[in-house]
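See structure below.
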Amino acid sequence: MRKRGRASFDPKEFLAKVGEGKTISKYRKDQIVFSQGEVADAVFYIQQGKIKLTVVSEQGKE
C-alpha cells in the first residue's frame, strides 16, 4: 500500500483562490484584531508578523 504524501500548503496560492470577499488588512503593534464574544464572521490569515491570542475566564483571568 502506497502512502500518499501530504500536499504542501501555499498560503499565497490559497489567498489568490479565495476570490471575492477577501480583505487585506494591516494592524499596528498592540492593536486588537478580534475580541472574545464578538460574532465570528471572518477567517483571519496572518501573512506576516505575530499575534497574541488570549482567552479570559469567567473569573476575569487571562
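Each reported figure results from applying straightforward, stated rules to the coordinates on display, with no laboratory input. Bear in mind that the values here come from a model prediction, so they are computed numbers and not experimental data. Counting neighbours? That spans all protein chains shown, and the Cβs are built from the backbone with ideal geometry, glycine included.
Here the simple spin-label model places points 7 Å from the Cα toward Cβ, and for Ser35 and Ala7 these points are separated by 3.9 nm.
On full extension, the segment bounded by Arg28 and Tyr45 gains 4.6 nm, given 0.36 nm per residue less the C-alpha separation. Rounded to whole Å, the principal axis extents of the Cα atoms in the chain read 52, 33, 23, largest first.
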